[in-house]
Amino acid sequence: MPERPEKNDKRDRDLDRELRDHLELDAEAKQDRGMSADEARFAAQREFGNATRVKEVTREMWGWASLERFWQDVRYSLRLMRRNPGFTAVAVLTLALGIGANTAIFSIVNAVFLRPIPLPDAGRIFVVHRVNNQIGGNSLSFPVYLAWQDNRDAFEAFGLLGFTGNTTMTGKGEPERISSLGATSELFSVFGVQPAMGRAFRPEECRPGGPKLAILSDALWRRKFSADPNILGQAIAIGGVPRTIVGVMPREFEVPLGSARDVQIWVPYAVPLASENPSNGGMMCFGRLRKGVAAARAEAALTPTLGPLREKFPKMFGAGEAVRLDSIRKFISAGAGTAPLLLFGAVGFVLLIACANVANLFLARSASRQREVAIRTALGASRGRLLRQLLTESVLLAFLGGIAGVLVCYASFQSVLSLVPSNLPHIGQFRLDGNVFVFALILSVLTGIVFGLVPALETSAADPQKTLKEGSAGAGASRRRGYVRSALVVAEVGVSLVLLVGAALTLESLSGLLHVPTGFETHNTVVFGLGLPQARAKTSAEINSFLEQFNAKLSALPGVQKVAYANALPFLGGPDLLYSVEGRSASKDGDSHDSAYRVVSSDYFSAMHIPLVRGRIFLQTDAANSEPVAVINRAMADEVFPKEDPIGQHIWIGKPMGPENSEAAPRRIVGVVENIREYSLAEPAYATMYAPYSQTRDGDARSALFIVHSAQDPMSLVPAMRAALGSLAPDLPPSRVRTMEDVVSTSLVDRRFSTTLLALFGAMALLIATVGVYGVISYSVAQRTHEIGIRVALGASRGRVMGMVLGQGLRLAAAGIAAGLVASYWLTKLLSDLLYDVKPTDPATFAGVSLALIGVALAACWIPARRATRVDPIVALRYE
């Protein structure tokens, strides 16, 4: 049974008193034998230390000494921090910047790559798609899905998700634009969830001509229907089509896939029993593997099903196509790209610089603690015991920095989230959850060990006898410590250069993109969407009539200069279609091509300010009963008719996909217009063909995007535009009203996210590195005060002294820049996907950043250099 701590404390005090008395007597005896006072006391301290070790071993036998020693170290560390508030504040602030930035970026990495997928047994859920697909993308056609459906023995459940887009919901309150998705009957089983209320779709309901049903999301049910428990069986209209509500999904259910994340209504996806349509249909296939079945086995079973389809549709299937299964986790991570991980690596560099800077502070302070450490060693403290004490100080300081860092992260988190692209795939919300706080805690401990280890090893390695005799660490230890501090500063400068080069490259790319001409008018232009339900306009003639009426009302509004509409607008996506040139054989050029397909009003080109290159644009006489016509852009003309005049040529839209998808007659090309940027400012002009609204098939252009160009702020016209639409169709709300400038700006959100954070990290790294250079040079000047005094006394000019100090700083900066240039040459290649019209190894950027760092290093050395020139030689010579 161990003794109580009170008795142990009394025994320890008595033992300490006896040992100290023995120390005094023993020191006097040794001095009488001819030893000097310092030597006698040092020898007595050695013996006292041995006795102290015996006492510590006795304590450890009772099991509470280690914990007591730990709390002693903590209390002592806290006293040191209170005694040195300036040192503590600088170190905590430096660490707070590094740990806070890492915590913020980790919250993004956590949501994208690490957070568990909130679906039961998610490890068995896979995206089933084709590789080497000559059409491209993950979207499928019905023949492919039907062939897989007949060979799905490896799967427990197998389903399709169809992207049906935004549509108008009526029947409950004001009309509202909502997002909807199509689902086959087994899709919810693939995800391992079922409606919280009601039921899922049945197989017979997911066929053409099946009943019109709907399943609500929990959020829509609560917001729009006030969580009505009697919602099942009620009717609503989706896109003008009456549908019966049969279920409500669970509150926590989420499909972590881009636009599918915010789905508000699920509708049955109609899959035919057979199909001759090989074109991709905006569908994704998901499967839940049976337990114990490997993905490779399922791939091997499904790949042969593409063979018969290749023979049946040779123009739609390539020889190397195969089936691949990607886990839903891998699919989400791949969709996020490399930007989050690159930023995580960049912010990790910031933390390394912060660690190096705080390590330098500890090394500077350790010089004043050499005598303390020597006395501890003389009293019997082992090197391991000293290391534990010193590391306790650094870890405790890092822990305080971690707390401050989390507070910094919390205060700035919304600002960081405002930069995150809305289309970045993630699981759940970006938030500071338990994983993030555990990460911050672990990071704080590791940071304390990293920046505290080198100073602790350096301090604990000093010879205590020399220290006690000389009263300092000695010239050798001082030089060694100076080398270590200089090496840390070199590392800081090198890492800073890497981050600054990356930030400069991405900034240069973003600046270049902002100056890329779009090819169309963006100023004073507003755009919005309009979807016509089938109940309002069944045929192309009715659709075109309604759109023309609305176009006329908008054109009559005061301040409006031009109005037009199209099935898709630049930077907002749009369909691609296959086409063939009439009269060409497969042996000549291949009889099928792919291009963007845009259905536009006759005023589209003038409203968008797209110049005509040759021929003509659409006229009012290009009606449904007249010859089908098309306009192409310059890129399509150069690609398909490089040595011919495209005017008068005929193209078949959809013919390579079979009669089911082909137009009834070829279109005559009547004009060529200038290229515009369709999908991205960073991508070259894409081949595009235009067709007039008046000559489209029924339903092909049921949704339209309107463009309104005015002489004033276009957003001020929005109320009048809504009123004009309400006068024609009160149940049709416009969707996503915004300026074209906002549309273009939004297309750069991914690059702006990476560029802004890289620039921020580079600035933080530069600031910390500048403080590090300043600290080393200031410390060096203080250490060399006596030397500088001698130099001045011997006639050294102030300019020479200043040059000496600045030269030392420049040598450190040059060494760091040299190391950073080598590292940057290799690491900046990882930024290739983020760059536009700039090489990752751009010499001008490397040179500019290097010169800027030299300038910053000179500025950091200037104050210590001026202080050195003001050293009074008389005072300096008295200093020693």
Reduced to Cα centres, the span from region 806-880 to region 151-168 in Å works out to 57 Å
Distance between Cα centroids, region 173-217 to region 66-108: provide it in whole Å. 54 Å
Can you compute 3J(HN,Hα) from phi for each residue in region 334-341, using the Karplus curve 6.51 cos²θ - 1.76 cosθ + 1.60 with θ = phi - 60°, rounded to whole Hz and x for Gly and Pro? 5, x, 7, x, 9, 4, x, 5
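With every protein chain present, what is the per residue accessible area of region 234-336 (1.4 Å probe, Å²)?
Accessible surface, normalised per residue, equals 42 Å².
Considering only the other residues whose Cβ falls under 14 Å of the Cβ of SER511, what net charge follows from Lys and Arg at +1 and Asp and Glu at -1?
Numbers: positive: ARG751, ARG752; negative: GLU508, ASP837, ASP842.
Net of charged neighbours comes to -1.
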Estimated distance in nm for a label pair at GLU644 and SER555, the labels positioned 7 Å out from Cα along Cα-to-Cβ: 3.5 nm
What FRET efficiency, computed as 1/(1 + (r/R0)^6) with R0 = 35 Å and r the Cβ-Cβ distance, is obtained for HIS786 and ARG75, rounded to the nearest 0.05? 0.40
Note down the Stokes-Einstein diffusion coefficient of region 266-331 in µm²/s, whole number, using a Kirkwood radius over alpha carbon pairs, 37 °C, and 0.692 mPa s. 230 µm²/s
Carbon and sulfur: what percent of region 383-465's accessible surface (1.4 Å probe)? 70 percent
Could you please state how large a percent of the accessible area of region 171-290 is carbon and sulfur, counting protein chains only and using a 1.4 Å probe? 51 percent
Starting from the Cα of SER415, step 7 Å along the direction of its Cβ; do the same at ALA823; then give the gap between the two resulting points in nm. 2.6 nm
Rounded if a/c is under 1.5, else prolate if a/b is larger than b/c, else oblate: which is region 690-737, with a ≥ b ≥ c the root eigenvalues of its Cα gyration tensor? oblate
Over region 520-578, average the accessible area per residue using a 1.4 Å probe and give it in Å², no decimals. 38 Å²
Of PHE399, GLY428, LEU302, which is farthest along the charge dipole of region 297-440 in the positive direction, counting Lys and Arg as +1 and Asp and Glu as -1 at C-beta? PHE399
For region 633-789 the mean separation of alpha carbon contacts under 8 Å (6+ apart) over residue count, i.e. relative contact order in percent, is 16 percent
Please sort 524-533, 238-247, 834-843 by packing, taking for each peptide the average over its residues of neighbouring beta carbons within 10 angstrom, highest first. 524-533, 238-247, 834-843
Distance from the Cα centre of region 516-541 to that of region 300-321, in angstrom? 38 Å
Residues of region 712-784: accessible area per residue at 1.4 Å, in Å²? 40 Å²
Quick check: from the Cα gyration tensor, does region 385-433 come out rounded (a/c under 1.5), prolate or oblate? prolate
Cβ-placed point charges (K, R +1; D, E -1), dipole of region 493-603 about Cα centre in debye, nearest 20: 320 debye
So, counting K/R as plus one and D/E as minus one, what does the shell of residues with Cβ under 15 Å around GLU156 add up to? +3
Take the Cβ-Cβ distance between ARG614 and ARG207 as r, set R0 to 60 Å, and report the resulting FRET efficiency rounded to the nearest 0.05. 0.75
Express the carbon and sulfur contribution to the solvent-accessible surface of region 689-731 as a percent, rounded to the nearest whole number, probe 1.4 angstrom. 55 percent
Taking θ as phi - 60°, what are the ³J(HN,Hα) couplings along region 729-744 by the Karplus curve (6.51, -1.76, 1.60), each to the nearest whole Hz, with x for Gly and Pro? 8, x, 8, 10, x, x, 10, 6, 6, 7, 7, 5, 4, 5, 4, 5
Distance check, please: which entries in LYS312/LYS538; LYS172/LYS538; LYS224/LYS562; LYS538/LYS562; LYS212/LYS562; LYS172/LYS553 exceed 32 angstrom between their Cα atoms? LYS312/LYS538; LYS224/LYS562; LYS212/LYS562
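The values are calculated or read from the model by the stated rules, or taken from the named source; none is laboratory data. Keep in mind that what you see is a predicted model, and the values were worked out from it rather than measured. Ideal geometry is used to build each Cβ from the backbone, glycine not excepted, and the neighbour counts take in all protein chains shown. The area values use the complete protein model at the heavy-atom level, side chains included, leaving out ligands, DNA and RNA. Shrake-Rupley method; radii C 1.70, N 1.55, O 1.52, S 1.80 Å.
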